[in-house]
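The values are calculated or read from the model by the stated rules, or taken from the named source; none is laboratory data. This one's a predicted model, so the numbers in the text were calculated from it and none came from an experiment. Heads up: the accessible areas ignore ligands, DNA and RNA and are worked out on the full protein's heavy atoms, side chains in. Shrake-Rupley method; radii C 1.70, N 1.55, O 1.52, S 1.80 Å.
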Amino acid sequence: MIDKVRKTIQKYDMLREGDTVTVGLSGGADSVCLAYILLRLKDEIGFDLRAAHINHGIRGAEADRDESFVRDFCEKNGIELTVFHRSIPLEAEASGESEEECGRRIRYECFASLGGKTATAHNLSDSIETTVFNIIRGSSLKGVCGIPAVRGNIVRPLIECSSEEIRSFCRDNGISYVVDSTNLETQYTRNYIRREILPRFEKINPGYAGAITRLQASARRDSSYLEKTAEEFLGQAETERGLSCVQLKSADKAVAGRALVAFIREKSGLGAEYRHIGFISDNLGRDFEMQLDGRHFVRSKNGYITVTEKAGEEAGKFCVKLQIGENETPMGKIEISVCDREKIIFNKKNTGNVFLCNIDYDKIDGNTAVIRSRNEGDEITLAKRGVTKSLKKLYNELKIPKSARNSVPVIADGEKVIWVYGAGYNKKCEITEKTKKIMTIKAEDDYA
């Protein structure tokens, strides 16, 4: 296996003579195996080796045990060690991330603070789990590529070794390690995939790992080509005024979407979500503002896209004309259709559902109706409640985070609020015996 790791390092040009390499050492089988192998390759290749351990403040005595194990391992093997103490539960609560997401971010921040290169123990099995996880979430092609062998200063020498190979190597060489009890729990998404989903894949196709690895390789080739093409396009379409909507419209959607992602990342440092790109693409040439996070927003004005910052409650508001058909919003698609009353069959699904409802189209001015963010003073009398409330109070009741409130779509006609995403429609727009035409509002339930 040492030879296999050596070949992986050479194949991806991971480590060179004179490099300083920090191995991320949790104390688990993968990271201890990596440290063991790098110790045996460091003089051969000519790099300096040190280690970093992050105590996440999650597992109490078990986390302290892991730290103690790592300290002993490094002392016995003459490895310089840096230990970071963080409270992931508190930091995750403050940032709004899950503990998994926050822990990952903190780990890489700690590694980056040490400089040089960082070797993490991600392996082939981890890469396959990542691909499956991304597919389930609804990933782009890039998410199918799995974990890259090299990303900037992060290198992954075990990326072509499976978990089974690593544990066999530890067993055969008498390498001891600690077991994180949370890896045995299935409430964490990746653990569930590892322990419940992948064994079922193996029953369907015993060679599934090789099949997914081939899929990843194919996806990486295609994704790399599309990324380069998008980069070239961005160089042509970006001007001092911003990103040209005309050129975005004329480009292939696969290229335009990637160019938008790259443009937003360059200007804000943020990774745009699928719904953000969909909203921008569907509204090219129309003036709008769309929130990315608490500070950054995308603006389309006079045919150009820009990304800027805005502070306070006005950050990231958007407003576009309501159109029959699909309307892209920061919370997903909202589909609008209009038909004669007699063509609608009323049932519980389309009368008592906040994401699918029918209202009296005759009570709306279709020429001035818009989909927008909340405005100061907005209020609505919800049909299912019969009580008039300000949107501010309604959002409080729905427990919508303040940072997300400007992304919540509101259909309005002038100052009259017709419908609020996740809440329902205005009682004033209820269907009566006099109703002739009906507007159906169908929204994606992305609020959760």
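Below is a table of values for the structure above.
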read-out	value
Amide H contacts under 5 Å for Thr329, placed H, 5+ residues apart	Ile334
Expected 222 nm ellipticity per residue - DSSP helices of 4 or more, -39500 (n - 2.57), all of the chain, to 500	-12000 deg cm²/dmol
Heavy atoms of Met1: accessible area, 1.4 Å probe, square angstrom to 10	60
Distance histogram in 5 Å bins (all Cα pairs of segment 88-153, percent per bin)	3, 15, 17, 20, 23, 17, 3
Å² per residue, accessible surface of the chain at 1.4 Å	52
Ile418 long-range amide H proximity, modeled H, under 5 Å	Ile411, Ala412, Asp413
Residue of Val320, Val255, Val338 that the Gaussian network model of the chain assigns the largest fluctuation, springs spanning Cα pairs under 10 Å	Val338
Antiparallel bridges, percent of DSSP beta bridges restricted to the chain (to nearest 5)	75
Hz values of 3J(HN,Hα) by residue in segment 105-120 - Karplus curve (6.51, -1.76, 1.60), Gly and Pro given as x	4, 4, 4, 5, 5, 5, 4, 4, 5, 8, x, x, 9, 10, 9, 9
Solvent-accessible area of Asp64 with every protein chain in place, 1.4 Å probe, in Å² to the nearest 10	90
Per-residue ³J(HN,Hα) for segment 275-284, Karplus 6.51 cos²θ - 1.76 cosθ + 1.60, θ = phi - 60°, Hz, x for Gly and Pro	5, 5, 5, x, 4, 5, 4, 6, 10, 4
Label selected from [x] 21, 44, 29, 6, 0; [y] 23, 58, 19, 0; [z] 20, 42, 25, 12, 2, 0, the criterion being P(r) over Cα pairs in 20 Å bins from 0, in percent as computed here	[x]
Phi to ³J(HN,Hα) by Karplus 6.51 cos²θ - 1.76 cosθ + 1.60 over segment 91-104, Hz, x for Gly, Pro	5, 5, 5, 5, 8, x, 8, 6, 4, 4, 5, 5, x, 4
Listed residues Ala256, Ala112, Ala230, most fluctuating in the chain (Gaussian network, C-alpha, under 10 Å)	Ala112
Order of exposure, largest accessible area first, which applies to His276, His122 with probe 1.4 Å	His122, His276
Cα centroid separation - segment 40-103 against segment 265-303, whole Å	37
Amide H contacts under 5 Å for Asp378, placed H, 5+ residues apart	Leu391
